[in-house]
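The structure under discussion appears below in the form of structure tokens.
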Amino acid sequence: MSTDEHGVVFPLSGEGRRSTTSVGRAVAADALRTADPTGARHAEQETGWRSGYLLHFRRLVEAGLASREASLGIATAGLGSLRSRMRVLDESGDERTLEEWATSEPMQHLETVTVTGTGDPERDLSLPFHGQRLRGDALLERLDAWVAAGVLEPSASVAVRTVMANPDWLRLEGRTVVVLGAAAEMGPLQALLRWGARVAAVDLPRPELWERLARTAGSGAGTLLVPTRPGGAEALEQRAGTDLIAGVPGVAGWLADLPGPLVLGNYVYADGATNVRLSVAVDALTTRLQDTRDDLALAFLATPTDVFAVPREAVEQATRNYEQRSGTARLLGRPLRAASAGRLLRRAYVPDADPGINDSLVAQQGPNYALAKRLQRWRAAVARDAGATVSLNVAPPTRTRSVVKNRALAAAYAGAHRFGVEVFEPATANVLMATLLVHDLHTGGGPAHAHPWQDEAYAAVHGGLWRSAYAPRSALGLAALLGYGAARG
């Protein structure tokens, strides 16, 4: 049986298929059932889920705005529904529940190999940007420019400035940061090692990947802990790594014994339905570690292409941008809106909305991507409510490999600047988000808020999607059209 056919899998439907559509539809309905019974019925009856999911994932946010209890109820119900539906197949084809598997003893115990960096830790924060490294006044000026342009929330600038004023925070002294998806372009591994932190890396057993990670660790100033299969005669890269979709019990056993306090950072990604399987496996690992360790903090990156409630100040700036758009934009906008029955170049928010709803879901990314990322937001909210330290920050649109291989998204990103959206390079985005992680870990997850939507909006680096004049999806097609030539280049 191939690795694609065992580990965490979708359940069999009545037709004998492992249907991602039926699971996504059912989870959305279950999550909405108490807070929005009408929305739950509509989700259950959705016949075109692969495009219709956009409406239901928006309702999951809107219904939660009624109260803190409603939002947490949606998160709890959604988590429970997804986890109860997913199944695990072992290599012999036997099926188990997720809970049985996640709490089972590992078939093989992982060992630890330590790679110690030989460099000196960075003593102050610097940010790569357009071929330079910004630090000191230059970095402060860049933060001011981003705030003025509406690229990030002012609270993100405050958080970065706080880390700049406390450079000793960068080493995360005494902590072990687990980076799930260690080789991810948006992950913090390289920055953390450059700052001198201790990092436990988890990623697939691919020799070329671990060769690269070992080189990064060796040239850094921190310590890299690598999970390896027994077999000391083989080179590190030949026995390092594990597939989380099938290996949660082994990884949980390995992490249980690492020095703490422990930070479990979720930076995993896979294409299509595998992304949901992987995210469910990570969630099972998370809850197992929560049961066995009392020093566990959680870290996530939220995608900007999702639905968020946003503060009044973001609505006000977007409204100003719409009202102050150029004469050419006004002239072209009217016929485009008329020809598209109002779908193109719609204003971002109803004026004076508090909070506003920013719907930046991208249909091309699909319902499985949306479900995998929403699962992480739900877990963050529930864990924070239970008293855990949680770092969840909205990351900017970024030209990662997973994005630019999609031609439509690559073109939209290439044209996004015409609509007030800044797309980041990976080198800038991952250091910026690692800085926000450092801030959150030293401040107990940031300030306490009355409602989970405010926790998610705090220190968001959305690239301008929240403060643009136009509703993002109403400008996406035009951005792609304008950016197509640049994307091909």
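The values are calculated or read from the model by the stated rules, or taken from the named source; none is laboratory data. Treat the numbers as computed from the prediction; the structure is a model and nothing was measured. Don't worry about glycine lacking a Cβ; one is built from the backbone with ideal geometry, like all the others, and counts go over all protein chains shown.
Before moving on, here are some points about what is shown:
- In region 411-427, of all residues being assigned to a helix (DSSP H, G or I) and crowded, with 19+ Cβ neighbours inside 10 Å, the one that is nearest to the chain's Cα centre (by Cα) corresponds to Tyr413.
- Residues satisfying the stated conditions in region 34-62, i.e. over 12 Å from Thr21 (Cβ atoms), among the β-branched types (Val, Ile, Thr) and free of Cβ contacts under 8 Å to residues at least 24 places away in the same chain: Thr38
- Verdict on Asp283 being in the same structural domain as Ala201 (by TED's automatic domain parsing) and free of Cβ contacts under 8 Å to residues at least 24 places away in the same chain: no
- Qualifying position, being part of a helix (DSSP H, G or I), under 21 Å from Asp271 (Cα atoms) and not charged (D, E, K, R), among Gly24, Gly73, Gly80: Gly24
- Answer from Arg59, Arg50 - the residue that is within 22 Å of Pro472 (Cα to Cα) and in contact with a Leu (Cβ under 7 Å, 6 or more places away or on another chain): Arg59
- When the criteria are applied in full, Asn368 fails the requirement of being part of a helix (DSSP H, G or I), touching a residue at least 60 places away in the same chain (Cβ under 8 Å), not assigned by TED's automatic domain parsing to the domain that holds Leu432 and not hydroxyl-bearing (Ser, Thr, Tyr).
- Selection of region 155-164 for residues being farther than 17 Å from Ala395 by Cβ and in contact with a helix residue (DSSP H, G or I) (Cβ under 8 Å, 6 or more places away or on another chain) yields Arg161, Thr162, Met164.
- Residue pairs whose Cβ atoms lie under 8 Å apart, separated by 6 or more positions or on different chains, with the first residue in region 72-84 and among the hydroxyl-bearing types (Ser, Thr, Tyr) and the second in a helix (DSSP H, G or I) and surrounded by 20 or more Cβ atoms within 10 Å (Cβ to Cβ), are Thr76/Trp378; Ser81/Val27; Ser81/Asp30; Ser81/Ala31; Ser84/Leu98.
- Of the numbered criteria (1) modelled with pLDDT of 95 or more; (2) of a type outside the set (Lys, Arg); (3) on the phi < 0 side of the Ramachandran plot, the one Gly196 fails is (3).
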